[in-house]
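The values are calculated or read from the model by the stated rules, or taken from the named source; none is laboratory data. Since this is a predicted model, take the numbers as computed values, not measurements. Using ideal geometry, Cβ is built from the backbone for each residue, glycine included, and neighbour counts are taken over all protein chains shown. Ligands, DNA and RNA are excluded from the accessible area calculation, which covers all protein heavy atoms including side chains. Shrake-Rupley method; radii C 1.70, N 1.55, O 1.52, S 1.80 Å.
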Amino acid sequence: MKALILNSGLGHRMGVLTSEHPKCMTEISHRNTILSRQLRQIVEYGIEEVVMTTGYYDKILMDYCEFLHLPLHFTFVNNPLYDKTNYIYSIYCAREYLRDDDVVLMHGDLVFENQVFEAVVESRESCMTVSSTLPLPDKDFKAVVKEERIEKVGIEFFDDAMAAQPLYKILKEDWLVWLENIERFCESDNRKCYAENAFNEVSDRCIIKPLDVKDMLCSEIDTPEDLVVVSAKLKDVNERTVYMCFSTEYIHTGHIAIIKRAKRLGRLTIGVLSDEAVASFRRFPLMPFEERKALVANIAGVERVVEQKTLSYAENLRALKPDYVVHGDDWVSGFQKPVREEVLAILSEYGGKLVEYPYSRDPKYKELDKLHRAELSMPDLRRGRLKKLINMKGLVTAIEAHSGITGLIAEKTTVLQDGKTYQFDAMWISSLCDSTAKGKPDIELVDMTSRFRTIDDIMEVTTKPIIFDGDTGGLTEHFIYTVRSLERMGVSMVIIEDKTGLKRNSLFGTEVAQTQDSIENFCAKISAGKKAQKTHDFMICARIESLILEQGMEDALSRAFAYVEAGADAIMIHSRKKDPTEIFSFVSKFREKDSVTPVVVVPTSFNSVTEEEFKKRGVNVVIYANQLTRSGFPAMQKTARTILENHRAKEADDLCMSIKEIINLIPEE
Ligand code: SPV
Ligand code: MG
């Protein structure tokens, strides 16, 4: 596509303003003349070729174009009869340069905003800018529109007419029709009329559609008064603000493309999602907020970067009141839909606009995302993330997983509520559920090799950190090997309980014989484990069974402090009471002396307490230890019974997930 700029006119209505240079060199803002602005827009929209007709002061004009240093190839064509002819003859003079491509034609005194130019350049049909909202001008161009195409352009038409501005995109096949008639006009000495007079005769073959720019800026400057009005309008255009939110950690060409489009609308502020918001919206950020912020701040066109603390835009939109919010159209449906709806509601409060561009589904971006996910699942990156999450969020949640599919449920389940997304932060590999899945009792019967196999199955399809239920840890001599293996695999934390002998599930309490280990033995086990580990980020958590075994609060607390002293990275306090009082009391007494060691709870019995309350009381990890097992197996029993009762599977169908849903849950690599 070529740009054709008509700059041969005398511009005598501008008075002294055109006494030293052509009209197009008149300043319209502190950084642009009419021409420099047009040329920068031409560059911005990817046009490289400019054919410019010149008249008086042509040398000044050519030098000026060179001085602007823009990546454009210019062909200047002087109209030697500029003072005796109209621009129809300038086009005629330039005709040899204008036969081989689509043309964007503009008068050299026209000022238009980016959105107008974007619509023109991107139009698939030949078009001319018109306005359905502006009053018909007395002396300027009007276009007669019939059957959705322009029939005539001129200053003399008022019926069925719209205000029109000389900014066109004309496809080559249409242009050749128009150009041929321009040639015919000029060769029969008809050189003083408008080029549009030639168009009007062939408008049934040169199909130009009206492009309604309503009251967007698209105005010619003919007089000093026009200059004042247009400059003021342009100032408003230049002060428009745009807001976009970014959660990404790597910038690809798709991001650059959308930033480029956004900045054309106005001064661009980017909201970078906080680490916490990224972690709960997508996955743990490999790059912390400050680095993501610096990355985005250094992209051309980004004027300002602010933090966006939640997935909801509300806080930043109310503070910044941008004229536009820009987003890909991927949030029209799906789980971000409510976020979009909230944005629309807030924008409508003050007259802002949402601009959506088609979301790029280029496979190369998917590939990048896959690589990123793969990195997160690697042992070294996965292991350290639990500690980072605890530090970042204060409270993290984990849900039980005992197989690849339950791991995927833990990984992918997301809920959007009040502008925030909620996901589980980590997975708990429960001895109870791992044993149950194998149809075995929870008595340390499933050996470590088999337990590691479960971890491996889960790790293969997920990225979230893993907390491993290490039962009693076994013999100290064995525990040190367990620690190293878990660490090597990328597990983040092992929790071992201070019991010895035949371990029974804690939820039996004192109904079965269970022996608590001595403080000395258990401390020795913790210390040996800590000594054995090779990295800094692996955590050993000491689980205190004193309340389960009814040994009292004092015993629980003295054990807690002793275990921390022995090197435990975290404490888990367990209870099987429905009433959370003893848990709260333990946490509050523990926190009186130790404000830093993370505290873990498993609220299977005291399940009425919310995460918010746990956090307030000083708990750092909440483990939902068995809910997937307890809900999954009864569903399976029911289905099995339904088939037996009906001697066929039809009645069980309503109880089942569709094959399509299963396929979606488990994507093929
Ligand atoms: C498990 O999930 O295996 C546990 C927690 O150890 S509890 O069942 O509550 O003892
Ligand atoms: Mg267990």
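Per-structure values
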quantity: Qualifying residue in region 475-497 (condition: more than 44 Å from the chain's Cα centre (by Cα) and within 16 Å of ligand 1 (Cβ to nearest atom)); calculated: no
quantity: Contacts under 8 angstrom Cβ, first residue in region 488-510 being among the aromatic types (Phe, Trp, Tyr), partner open to solvent by less than 60 Å² (accessible area, probe 1.4 Å) and more than 10 Å from ligand 2 (Cβ to nearest atom), 6 or more apart; calculated: Phe508/Gln514
quantity: Any chance Val77 is outside any loop (DSSP other than H, G, I, E, B) and either free of Cβ contacts under 8 Å to residues at least 12 places away in the same chain or more than 42 Å from the chain's Cα centre (by Cα) (or both); calculated: yes
quantity: Sole residue being in contact (Cβ under 8 Å) with a residue 40 or more places away in the chain and in contact with a Cys (Cβ under 9 Å, 6 or more places away or on another chain), chosen from Asp517, Asp569; calculated: Asp569
quantity: Top-ranked residue in region 442-457 [being in contact (Cβ under 8 Å) with a residue 12 or more places away in the chain and among the polar types (S, T, N, Q); ranked as most open to solvent (accessible area, probe 1.4 Å)]; calculated: Ser450
quantity: Residue that is open to solvent by 90 Å² or more (accessible area, probe 1.4 Å), at pLDDT below 95 and charged (D, E, K, R), where the choices are Lys650, Lys660, Lys615; calculated: Lys660
quantity: Selected residue [more than 22 Å from Val483 (Cα to Cα), open to solvent by 10 Å² or more (accessible area, probe 1.4 Å), without any contact (Cβ under 8 Å) to a residue 40 or more places away in the chain and away from ligand 2 (no atom under 16 Å from the Cβ)] from Gln417, Gln423; calculated: Gln417
quantity: Any hit, region 31-54, residues being out of contact with any Cys (no Cβ under 9 Å at 6 or more places or on another chain), farther than 30 Å from Arg261 by Cα, surrounded by fewer than 16 Cβ atoms within 10 Å (Cβ to Cβ) and not hydrophobic (A, V, I, L, M, F, W, C); calculated: no
quantity: Within region 153-193, tally of residues that are within 46 Å of the chain's Cα centre (by Cα) and either among the charged types (D, E, K, R) or in a loop (DSSP other than H, G, I, E, B) (or both); calculated: 6
